[in-house]
1. At 7 Å along Cα-to-Cβ for each site, give me the label-to-label distance between L119 and A161 in nm.
2. In Å, the Kirkwood hydrodynamic radius of region 53-169 over pairs of distinct alpha carbons?
3. Rounded to the nearest 0.05, what FRET efficiency do A112 and V63 give with R0 = 25 Å and r taken as the Cβ-Cβ distance? Could you check?
4. Magnitude of the Cβ-charge dipole of region 121-162, K/R +1 and D/E -1, about the Cα centre, nearest 20 debye?
5. Between R133 and residues 5 or more places away or on another chain, which pairs have amide H atoms under 5 Å apart, with H built 1.01 Å from N, and which residues are they?
6. Using per-residue counts of other Cβ atoms within 10 Å, averaged over each peptide, order 87-96, 51-60 from highest down.
Amino acid sequence: MALRVALRLAVLLLSAQPAMAQVRHGEGQLPLALAIEAAQEAVRACEAQGWPVSVSVVDTAGVLRLQARGDHSTIHTEQSSFRKAYTVVTLGPVFGFATSGEFAGLVARSPAGPALVSLPNILPLAGGVAIRRGEEIIAAIGVGGAPGGERDEACARAGLARIAGRLGP
């Protein structure tokens, strides 16, 4: 599994365009080492239950930082994990939710729900969790593939718990 994460990371880094050097790295960014740890723990937590999953970590712009496809996970889990994380980091600050499960509830109650879920990459299923430094969202982690979004979310929370003490104030 660690090899898959390393290979995926290598592909992402090698395919990067020179413009990446122009990105300003502020205090609000999740360090890649912590993103890797969180993703590995989320996969481990689900695999311990017999659930093959994929995990995605996105930055505050919704850009994929890393993705790990666990052993025996199916191909669609990559997209669902990404879309759950993307939903949290892009709409969470606007609507005041910290998980994609909370967003699913909002969509069910709101007349605007159908319009919101028609936006690209938005997925109203549990499994995405905001990663915060203090009150600031600095990234999001999404898990897809467990039997039910609540289980995906539990594994995402396990990944977050692994790094929580090192996120800063």
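Coordinate-derived values only; no laboratory data. None of these values were measured; they are calculated from a predicted model. Because the Cβ atoms are built from the backbone with ideal geometry, glycine has one as well, and the counts that use them run over all protein chains shown.
1. Between L119 and A161, the label points sit 3.1 nm apart.
2. In region 53-169 this quantity evaluates to 13.7 Å.
3. 0.45
4. 140
5. Here the answer is I138, since their amide H atoms fall under 5 Å of that of R133.
6. Ranked from most to least packed, the peptides come out as 51-60, 87-96.
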